[in-house]
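Q: Please read through the structure below; I'll follow up with questions.
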Amino acid sequence: MLGLASCSIHLESGSDAEGGAPWDPAPPVMLRFEEEGTLQLVPGELRTVRITVQPPAAYHVSFSLLGEAAGAWVDKTTITTTEDGRGSVGLHASNLGSTFRLRAATDDGLATELGVAVSAEGFGTLHIHPSYQGTRVAKNWMASVVAGSTCDEIAITAPRAPPGALMAHGGPEGPVIMAGAPVGPSLAVALYSGKMLWGCASERELQAGATRDVTVPIQDLPIDMAATRLDTTLLVSPSEGLEDLLAAAADRRLDEFLPEGGEAAALLDAMELAAPVDQVPAFAARRAALDWDATAQAHLAALSIPLRERCRGWARAGREALPLEIVGVLRGQEDTPGHARFEVSWLGSPTAESDGPTPAYSMSWTAESGDTLRLSGTLSWMPSRYLLGATEAVVAEEMPSAGSMPEALSAAAQCAELGASLGGYSGCDPDCMTALCAGGLKLRWHATMTQDGPPGEIVVNALGPAEINSAAVPEVWTARWLGTLSDGEGAAASVAGDAHASSTEP
């Protein structure tokens, strides 16, 4: 590919020319130099450089020199084009070998640049080859050439090309072809691929009219960790220790819902709570007079699957069907280098209330060699929320006709049969008692399972390779993580799993 001759950048319209203008031309849409490729000059030469602006009209155009022009100058800094949009300026070359760029700009902000090379010994062509041993993938290459400079001097601008450099572009495999490079001065030859790859080599052997191959060693540029925006999922692999911890936590909740040995009393207490306030005395009197506790206990004992065991089975199936996972968005922090905000939307269950903010955690987020990234920190979680969500999810799948967890509990407890056995009281017949059974189970389930216990913690330490885009920002990250999970009540288990993350940008 030939060296870049010029490029147009259309910015927002600026103000009218200083002092106004006697005409009102249409806004320009194109500005170009008529010269193609690099403008080649000998020291001290005066060259007329022509421009064209479209649509044809009279425009104010200003000129400036970019880079180390070594004493070069233009005879006019501002011109007015003819009515056909054409104009010219005289460019005086310096007396030294050099490279720089001539910039033209209209009052409306339209601009273009032309690469200029000055040499008393002639000009040659460089075939610039990247030499890279890393894992990043270049989509294209940009080359820059600066006369009279060193790689150390131009490295300070990386990943941007130095002002005034000759420029050329090429495909991912190379080489990039730079025509019109000046012979004589030492050349700093650099290659760039976006903001992620850079390299430089010095060239002193170019001969006039010849083509010379230049190999540029390429290195990775630092990852822009602060620009991270990754949809992130951390899976928690099942393990015996984790299952023991979760099963124990579920059993504690079950004991609160239906205490072992006190199931009947707990159910009747809940039914009394579900009754209208003015009927509570009648309910309590009838309960005592007819020993409803014994009747309810006999009813529950006669179930083919005890209600506690039914609930325990649902909880176990839920943990198997809905393994614990952590889902959120990882955002790098400009103001806190080496850290990221992990906005966790799911931690076995939704982490935020319906109208509340998503919890966010400050995590260590750092790059290691070979584009390996490490995420570490501590998250807070509510085991009861995960257990509730997992249990209700499996019940919805196994008993779709139930419609909800309370309806499933009512069916499992055979509330209709219990209502008939209890008979009722003044103002509440067996059907009413059936409804009180269902309502009491609903009240007790939600009171037990939605009341958060002490929060637990999940300590995360994840490490794995990333794919880096051309802006040097992590685009995909896969990792293995290790850590510990505690239930907030003194128990903890070692945990591990896979982490997957991909850019939030389309």
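Q: Can you list the lysines whose alpha carbon sits under 27 Å from that of LYS442, skipping same-chain ones fewer than 8 residues off?
A: Output for LYS442: empty list, no partners.
Q: So, one more: What is the diffusion coefficient of the chain in µm²/s, taking the Kirkwood radius over Cα pairs and the Stokes-Einstein relation at 37 °C with a viscosity of 0.692 mPa s?
A: 112
Q: How big is the stretch 357-455 by the Kirkwood estimate over distinct Cα pairs, in Å?
A: 17.1
Q: Each label point is 7 Å from the Cα along the Cα-to-Cβ direction; what then is the distance between the points at THR77 and THR478, in nm?
A: Rounded to a tenth, the inter-label distance reads 5.8 nm.
Q: Could you compute the FRET efficiency for MET30 and SER380, with r as their C-beta to C-beta distance and R0 at 56 Å, rounded to 0.05?
A: 0.45
Q: Using the charge dipole of the chain (Lys, Arg: +1 at Cβ; Asp, Glu: -1 at Cβ; taken about the Cα centre), state which of VAL460, SER239, HIS127 has its Cα farthest towards the positive end.
A: HIS127
Q: May I pose another question? Might you report the magnitude of the Cβ-based charge dipole of the chain about its Cα centre, with Lys and Arg at +1 and Asp and Glu at -1, to the nearest 20 debye?
A: On the way: 30 positive and 63 negative charges, 211 e Å.
Result for the chain is approximately 1020 debye, rounded to the nearest 20.
Q: To continue, here is another question. Where a Cα-Cα gap under 19 Å defines reach, which aspartates and glutamates qualify for LYS195, not counting those fewer than 8 residues away within the same chain?
A: Once the sequence-local aspartates and glutamates are set aside, what remains near LYS195 is ASP152, GLU153, GLU173, ASP220, ASP224, GLU334, GLU368, ASP371, GLU467, GLU475, GLU505.
Q: Given R₀ = 51 Å, what would the calculated FRET efficiency be for ARG160 paired with GLU309, taking r from the Cβ atoms and rounding to 0.05?
A: Numbers: r = 69 Å, r/R0 = 1.35.
Efficiency, from the Cβ-Cβ distance: 0.15.
Q: To continue, here is another question. Run the simple label-point estimate for VAL137 and GLU320 please: 7 Å along Cα→C-beta, distance reported in nm.
A: Placing both labels 7 Å beyond Cα along the Cβ direction yields 4.0 nm.
None of the figures in this text is laboratory data; all of them are computed from the coordinates on show. These numbers come from a predicted model, not from an experiment. All Cβ positions, even for glycine, are placed from backbone atoms using ideal geometry, and neighbour counts span all protein chains on display.
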